[in-house]
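> Provided herewith is a single structure, encoded as structure tokens, for subsequent inquiry.
Each reported figure results from applying straightforward, stated rules to the coordinates on display, with no laboratory input. Quantities reported herein were computed from a predicted structural model and do not represent experimental measurements. Glycine gets a Cβ as well: all are built from the backbone with ideal geometry, and neighbour counts include every protein chain shown.
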Amino acid sequence: MGGEMTLSPQQEEQLVRAAREVRRNAYAPYSHFQVGAAVMGEDGRIYTGCNVENAVYGATLCAERVAVGQAVAAGQRRLVAAAVVADSRTPTTPCGTCRQVLSEFGGDMVVIVDNGQRRWRFTLGQLLPEAFSKEQLSGK
Ligand code: THU
């Protein structure tokens with residue numbers, strides 16, 4: 001795993017703003033909990049996603065995984081940062097499954113969570129210590 005990357009204040013602002021904007025498209029008629037996420041590739045490009053709920057509740061897609069899918073579909077597999085925006089009492093942190101999915105494409109990424117009042121910064125390693133990764137899939 002490489003060294004951690006530091007986001008400039010401008011990049012951080014850009015990423016959080018992108019997450020806040022895409023949150024407006026969240027499809028959350030069941031939970032009424034709208035989430036926006038944005039991930040940044042190593043080239044500085046930003047990919048966004050919102051949560052997409054379903055009448056079969058378990059088929060719901062989290063905002064973070066939609067954003068990762070957008071990045072990968074565009075050919076970007078090296079992510080350096082993610083931002084999550086929701087209107088929760090304390091900033092919304094990614095769920096366990098999303099932490100795992102984020103780690104596939106940047107185990108050392110910075111994760112910023114913001115609820116409009118407070119902003120917390122983590123590394124993914126703090127949120128998902130000792131993550132399972134492809135290195136452990138030895139012997140195929
Ligand atoms: N959700 C996300 O999209 N990301 C998170 O980090 C937390 C949860 C969504 C899933 C569901 O649509 C709603 O929020 C309530 O769990």
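> Criterion first (part of a helix (DSSP H, G or I), away from the ligand (no atom under 13 Å from the Cβ), more than 11 Å from the chain's Cα centre (by Cα) and closer than 21 Å to L7 by Cβ) does Q76 satisfy it? Before you say what the answer is, go through the steps one by one.
Working: part of a helix (DSSP H, G or I): no; away from the ligand (no atom under 13 Å from the Cβ): yes; more than 11 Å from the chain's Cα centre (by Cα): yes; closer than 21 Å to L7 by Cβ: yes.
Criteria not met by Q76.
> I need every pair where a residue in the range 93-110 that is free of Cβ contacts under 8 Å to residues at least 60 places away in the same chain has its Cβ under 7 Å from the Cβ of a residue that is within 16 Å of the ligand (Cβ to nearest atom) and in a loop (DSSP other than H, G, I, E, B), sequence separation at least 6 or different chains.
Taking only residues 6 or more apart or on different chains, the pairs are C95/C62; C98/C62; R99/L128; Q100/L128; S103/L128.
> From the residues in the range 33-65 that are buried (at least 23 other Cβ atoms within 10 Å of the Cβ), of a type in the set (A, V, I, L, M) and near the ligand (Cβ under 8 Å from one of its atoms), which one is farthest from C98 (Cα to Cα)? Show your work before the answer.
At the first step, the residues of the range 33-65 found to be buried (at least 23 other Cβ atoms within 10 Å of the Cβ) are 35-40, 47, 49-51, 63-64.
Next, only the ones that are of a type in the set (A, V, I, L, M) stay: 35, 37-40, 63.
Right, trim to near the ligand (Cβ under 8 Å from one of its atoms) and you get 35, 37, 63.
Details: V35: 13, A37: 11, A63: 9 Å.
Result: V35.
> Between a residue in the range 48-74 that is among the charged types (D, E, K, R) and any residue that is assigned to a strand (DSSP E or B), which pairs come within a Cβ distance under 6 Å, given they are 6 or more apart or on different chains?
Final answer for the pair search is E53/Y27; E64/A37.
> Let me ask you something else. When you go through (1) in contact with a Gly (Cβ under 9 Å, 6 or more places away or on another chain); (2) within 15 Å of the ligand (Cβ to nearest atom); (3) part of a helix (DSSP H, G or I); (4) touching a residue at least 60 places away in the same chain (Cβ under 8 Å) one by one for V16, which number turns out not to apply?
(1)
> Within the range 80-90, how many residues turn out to be more than 10 Å from the ligand (Cβ to nearest atom) and not in a strand (DSSP E or B)?
Residues flagged as more than 10 Å from the ligand (Cβ to nearest atom) and not in a strand (DSSP E or B) within the range 80-90 amount to 3.
> Are any residues in the range 127-140 on the phi < 0 side of the Ramachandran plot, over 14 Å from the mean Cα position of the chain (by Cα) and not basic (K, R), and if so, which ones?
Listed by number, the residues that qualify are P129, A131, F132, S133, E135, Q136, L137, S138.
> Next question, about the same structure. Among the residues of the range 120-139, write down those that are within 16 Å of R99 (Cα to Cα), in a helix (DSSP H, G or I) and not hydrophobic (A, V, I, L, M, F, W, C).
Pass one, the range 120-139, residues within 16 Å of R99 (Cα to Cα): 120-134.
Then keep just the ones that are in a helix (DSSP H, G or I); that gives 124-127, 134.
Listed by number, the residues that qualify are G125, Q126, K134.
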